[in-house]
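Take a look at the structure set out below.
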Amino acid sequence: MRVSKKSRTFAPVFRKIIITALLLLAWTGGKGQDSLRVSVLTCSPGQEVYSLYGHTAIRVQAPKDSLDEVFNYGVFDFRKPHFTWHFVLGQTDYMVEPLPWRYFIVEYERRGSSITEQELNLTPSEASCLLSALAENCRPENREYRYSFLSNNCTTKVRDMVEGVIMGSIQYPDSLPHQTARQILHKYTAQHPWAQEGNDLLLGAEMDTIMSERAAMFIPENMMQAFDGAYILSRNGDMRPLVRNKKVILEAKPQAVEPEFPLSPMQATLVFAAICLLILMLEIWTKHLFWLWDALILLLQGLAGTLLTFMFLFSEHPGVGSNWQVWLFNPIYLIGIPLVIKAATGHKQTLWYAFYFAVLALFLLFSPWIPQVFAKITVPLALCLLTRPLSYYLAKGEKERKIKR
């Protein structure tokens with residue numbers, strides 16, 4: 001979904017003038033057949049993280065009254081107090097804002113995204129009701145809503161607004177592929193492997209169930225496809241297509257994909273595996289444990305686990321509360337740092353490595369049966385981490401055999 005980096009907030013007086021004009025137009029809009037034209041705009045994905053999934057908005061035109069406004073439900077204000085904290089907790093409030101069409105198209109032209117317009121086949125009364133509802137939504141006391149990526153975003157809000165004014169119901173075709181939310185997201189992050197791995201590390205088993213046709217409309221292009229084949233079933237039993245006309249207003253331009261990091265996640269994992277194996281061989285050869293390496297790994301593992309566990313327990317973001325990867329990334333590993341250091345510097349034995357080995361081995365053993373698609377690097381990382389308890393027991397065994405000789 002497209003979100004604004006900052007809120008394009010109009011001055012309060014100017015906003016009141018616009019809302020009043022929209023309400024007056026909505027009240028008189030039903031008198032002429034062609035007085036109002038309502039369209040759904042679908043913008044293709046961009047290359048920035050916040051634009052990877054595309055965007056949806058509503059366009060309302062009244063040529064006789066020189067009205068051409070786009071209603072954008074993807075606006076947020078990062079200057080609000082504690083914005084980052086609320087975002088992590090999944091308590092971010094987005095808002096709707098009217099924006100003149102000429103400003104809207106310039107932004108997407110600069111980005112290189114396409115804009116596809118589906119003119120809706122609404123009656124004059126339905127179009128007037130929609131404009132009135134949009135104007136009401138734009139009032140300061142109504143403009144904010146609690147954002148949810150899967151169920152209440154800039155795309156689903158557009159669908160819900162349209163459904164709310166139909167004099168009857170919308171019949172959607174079964175035209176979308178039956179996929180999980182994770183599979184849908186992977187389609188849009190295929191060229192951004194680090195964003196994809198980040199998503200897969202944070203999102204749990206909840207994302208791996210097949211989505212219904214309606215639920216899958218959280219993605220702009222999915223909703224556009226569903227609208228293409230949808231029909232309005234009027235209260236008198238008549239049926240008419242939901243979309244009257246469809247056209248591409250702005251063609252997409254080639255967008256260069258800038259690498260997020262010199263190495264892909266899997267390549268970085270292979271480098272980490274090589275370092276782990278090298279250190280393992282050096283420890284067996286020298287009969288000496290590199291405890292600083294252990295402490296560093298446990299610190300990184302514990303910090304990553306702290307984030308995952310916090311999201312698991314407290315965040316309202318969908319999908320993060322069913323993440324089995326907290327087994328591998330957990331703050332409990334921070335407890336091992338002083339135990340490892342004390343055992344190494346005091347030349348004492350510790351049961352930490354036995355515990356660490358058991359946890360990793362059980363995770364690897366049961367991972368094929370866990371109902372969750374893990375990040376691609378999760379299992380390889382677990383195998384790399386197994387070198388630490390193996391090194392402890394192998395190096396200790398070599399040292400004990402040397403003493404006996």
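The values are calculated or read from the model by the stated rules, or taken from the named source; none is laboratory data. As the structure is a prediction and not an experimental result, all values here were calculated from the model. Don't worry about glycine lacking a Cβ; one is built from the backbone with ideal geometry, like all the others, and counts go over all protein chains shown.
All conditions in (1) under 28 Å from the mean Cα position of the chain (by Cα); (2) surrounded by 15 or more Cβ atoms within 10 Å (Cβ to Cβ) hold for Pro371, with the sole exception of (2). Select, from Glu97, Glu109, the only residue that is under 30 Å from Lys253 (Cα atoms), buried (at least 18 other Cβ atoms within 10 Å of the Cβ) and of a type in the set (Asp, Glu). None of the others qualify; the one that does is Glu97. When restricted to residues that are of a type in the set (Val, Ile, Thr) and either modelled with pLDDT of 95 or more or out of contact with any helix residue (DSSP H, G or I) (no Cβ under 6 Å at 6 or more places or on another chain) (or both), the stretch 348-369 contains 1. Residue selection: Arg8 satisfies the criterion of being modelled with pLDDT under 90, within 18 Å of Leu134 (Cα to Cα) and part of a loop (DSSP other than H, G, I, E, B).
Of the candidates Leu303, Leu299, the single residue that is under 26 Å from the mean Cα position of the chain (by Cα), outside the structural domain of Asn152 (by TED's automatic domain parsing), surrounded by fewer than 16 Cβ atoms within 10 Å (Cβ to Cβ) and modelled with pLDDT of 95 or more is Leu303. So for the stretch 331-343 (the condition being among the basic types (Lys, Arg), modelled with pLDDT of 95 or more, surrounded by fewer than 18 Cβ atoms within 10 Å (Cβ to Cβ) and assigned by TED's automatic domain parsing to the domain that holds Asp294), does at least one residue qualify? Scanning the stretch 331-343, I find no residue that is among the basic types (Lys, Arg), modelled with pLDDT of 95 or more, surrounded by fewer than 18 Cβ atoms within 10 Å (Cβ to Cβ) and assigned by TED's automatic domain parsing to the domain that holds Asp294, so the answer is no. Checked against the criterion of being more than 23 Å from the chain's Cα centre (by Cα), buried (at least 16 other Cβ atoms within 10 Å of the Cβ) and not aromatic (Phe, Trp, Tyr), the candidates Thr156, Thr123 yield just one match: Thr123. Note on the stretch 187-237: residues that are closer than 22 Å to Ser175 by Cα and either hydrophobic (A, V, I, L, M, F, W, C) or not in a strand (DSSP E or B) (or both) amount to 28. When the criteria are applied in full, Leu282 fails the requirement of being modelled with pLDDT of 95 or more, surrounded by fewer than 15 Cβ atoms within 10 Å (Cβ to Cβ) and more than 35 Å from the chain's Cα centre (by Cα).
Note on the stretch 69-90: residues that are in contact (Cβ under 8 Å) with a residue 40 or more places away in the chain and not in a strand (DSSP E or B) total 7.
Look at the stretch 132-147: where a residue is touching a residue at least 24 places away in the same chain (Cβ under 8 Å) and a partner is among the small types (Gly, Ala, Ser), sitting 6+ places away or on another chain with Cβ atoms under 7 Å, you get Ser132/Ala26; Ala133/Gly164; Ala135/Ala26. Only one of the listed residues (Gly46, Gly54) is in the same structural domain as Met223 (by TED's automatic domain parsing), under 19 Å from Ser151 (Cα atoms) and not charged (D, E, K, R). That residue is Gly54. Being touching a helix residue (DSSP H, G or I) at 6+ places or on another chain (Cβ under 7 Å) and assigned by TED's automatic domain parsing to the domain that holds Asp93: is that true of Asn236 here? It is false that Asn236 is touching a helix residue (DSSP H, G or I) at 6+ places or on another chain (Cβ under 7 Å) and assigned by TED's automatic domain parsing to the domain that holds Asp93. Taking the stretch 252-356 and the helices (runs of 4 or more DSSP H) fully enclosed by it, the elements with 1 or more residues that are in contact (Cβ under 8 Å) with a residue 24 or more places away in the chain and either on the phi > 0 side of the Ramachandran plot or touching a Pro at 6+ places or on another chain (Cβ under 7 Å) (or both) are at 265-286, 291-314.
Residues that are crowded, with 22+ Cβ neighbours inside 10 Å, more than 27 Å from Ser114 (Cα to Cα) and either without any contact (Cβ under 8 Å) to a residue 24 or more places away in the chain or not aromatic (Phe, Trp, Tyr) (or both) occur in the stretch 180-200; there is at least one. Might you let me know whether the stretch 95-108 holds any residue that is assigned to a loop (DSSP other than H, G, I, E, B) and modelled with pLDDT under 95? Looking for residues that are assigned to a loop (DSSP other than H, G, I, E, B) and modelled with pLDDT under 95, one finds none in the stretch 95-108, hence no.
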